[in-house]
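Engineer: Please read through the structure below; I'll follow up with questions.
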Amino acid sequence: MTQPDDLERAVEATLFASEQPLTEQEISAHLEGADVGASLTALRCTYEHRGVHLVERGGRWHFQTAPDLAHLLRREKEEPRRLSRAATEALAIIAYHEPVSRAEIEAIRGVQTAKGTLDVLLEAGWIRIAGRREVPGRPTIYATTPEFLTHFGLQSRRDLPGIEELRAAGLLDPVDEAFAVLTGGDDADTETLDPTDEESAD
């Protein structure tokens, strides 16, 4: 096998280091005006049966993956799943008031919650069925999961913004009022949970 000369190696290194395709003139200028035409032809032949090819497109030279191997380098791109507003609100209510039933979520939000909304959160692994409320009809109740904490970078629910912080910002007043009406305020079985309360952690 013929060893490449220094100019050919220099052309090869220049093309590998470049972030974009280069014209013959640009390569030559980078190599102090050297005549690189023969080197480019030689390199194209050298790489003809390799995993990458040296190709010329529109007067510009660059290395590209061999067409028959392109499928090996395709990366699966995970599309982030955007939660709907309803799902985001439901998740927040569950995180702050868990365990909570669908009817309680609807009472706090003030609108009906489609079954699909909770299904999305279940499929994402952010909420789980935590049992049934011991009231007539025994509705299913929901709570967050360890995956919820991991996804949002929380060590525990104590790391959620404090209820008092959110109330001070005026973000929880309607929620607290609705929940108080719903639960009767002092019913321990459905008490509003402050994640900053040391005794609330499981």
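Engineer: Above 24 angstrom, tally the Cα pairs of segment 25-140 and express them as a % of all pairs, no decimals.
Structural biologist: Of all Cα-Cα distances in segment 25-140, 57 percent exceed 24 Å.
Engineer: In whole Hz and in residue order, list the ³J(HN,Hα) couplings for segment 63-73 that follow from phi through the Karplus curve 6.51 cos²θ - 1.76 cosθ + 1.60, θ = phi - 60°; x for Gly and Pro.
Structural biologist: 8, 9, 4, 4, x, 6, 10, 4, 5, 6, 9
Engineer: Where in segment 40-70 are there trypsin sites (Lys or Arg not before Pro) that are in a DSSP coil and have at most 11 other Cβ atoms within 10 angstrom of their Cβ?
Structural biologist: Those satisfying the criteria are ARG50.
Engineer: Considering only protein heavy atoms, what is the solvent-accessible area of TYR142 at a probe of 1.4 Å, reported in Å² to the nearest 10?
Structural biologist: 30 Å²
Engineer: With labels modelled as points extended 7 Å from the Cα through the Cβ direction, what inter-label distance (nm, one decimal) is found for THR150 paired with GLU106?
Structural biologist: The two pseudo-label positions are separated by 3.3 nm.
Engineer: Let me ask something else. Please give the per residue accessible area of segment 6-90, computed with a probe of 1.4 Å over protein heavy atoms only, in Å².
Structural biologist: In whole numbers, segment 6-90 has 74 Å² accessible per residue.
Engineer: Under a point spin-label approximation (7 Å from Cα along Cα-to-Cβ), what is the THR23-LEU7 distance to one decimal in nm?
Structural biologist: Roughly 2.0 nm, to one decimal.
Engineer: Pull out the extension gain between THR140 and LEU72, defined as 0.36 nm times the separation in residues minus the alpha carbon to alpha carbon distance; nm, one decimal.
Structural biologist: Taking THR140 through LEU72 to full extension adds about 19.9 nm, to one decimal.
Engineer: Something else: Taking 0.36 nm per residue of sequence separation and subtracting the Cα-Cα distance, how much length would be gained by fully extending the chain between PHE63 and ARG50, in nm to one decimal?
Structural biologist: 3.6 nm
The values are calculated or read from the model by the stated rules, or taken from the named source; none is laboratory data. Quick caveat: nothing in here was measured; it's all calculated off a predicted structure. Here the Cβ is made from the backbone with ideal geometry for all residues, glycine too, and neighbour counts use every protein chain on show. These area figures cover heavy atoms from the full protein model, side chains too; ligands, DNA and RNA do not enter into them. Shrake-Rupley method; radii C 1.70, N 1.55, O 1.52, S 1.80 Å.
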